[in-house]
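Written below as structure tokens is the structure these notes are about.
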Amino acid sequence: MSNNDAAVATVKAAVDELIQTATSYDVNVLERIYHDDLQVIMVDTDDNVNTADKAAFKGLFTSKKEAGDPPMNTWANFHRIDVNGDKAHVLLSRKNDLSGTNMILLLSIDLILEDDRWQVLREVIFLRPEQA
């Protein structure tokens, strides 16, 4: 395994941990995975754009946990992982009910290696109907 292969594997493991953590609403671990400057941009099926910072996005998972929502789907299809030094980009698809309806989510995730761990700096999420 080359250094880049090892870096890609480490980034994939970080995103896998993010998926497991977010889908089970473990906000304490999300605190560690999400960078303090996290920016989330979501484009819904009507082309509406919503943005959230770290506190607001963690609040979404807190509200789901407090409501007793069942864990979300952990399905993921990784399309591409690029690592360049302390920066990484992951492109993947997910199936989830993030907005009240089952959707396919196409995610573009930027990470930074800081404080000896990969942290999510930005997520751009495009929602599309699951039956598309």
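Derivation of every value follows stated rules applied to the coordinates shown; laboratory data play no part. Computed from a prediction, not measured in an experiment: that's the story for all the values here. Every residue, glycine among them, receives a Cβ derived from its backbone with ideal geometry; neighbour counts consider all protein chains shown.
Things to note:
- Averaging Cα coordinates gives a centre for the stretch 82-130 and one for the stretch 1-71; these two points are 7 Å apart.
- With the convex hull of the Cα atoms taken as the outline of the stretch 68-132, the averaged projected area works out to 5.5 nm².
- Pairwise Cα inverse-distance average, inverted: Kirkwood Rh of the stretch 4-75 (Å): 13.5
- 22 Å Cα-Cα reach of residue 64 towards lysines, excluding residues that sit fewer than 8 places from it in its own chain: 54, 95
- Crossing angle, helix 54-66 versus the chain [Cα axis fit, 0-90 degrees, rounded to tens]: 50
- The packing ranking, built from the mean of other Cβ atoms within 10 Å per residue, places the peptides 20-29, 74-83 in the order 20-29, 74-83, highest first.
- In percent, rounded to a whole number, the relative contact order of the chain is 25, using alpha-carbon pairs under 8 Å and six or more apart.
- Cα centre as origin, Lys/Arg/Asp/Glu Cβ charges: the chain dipole, Debye: 280
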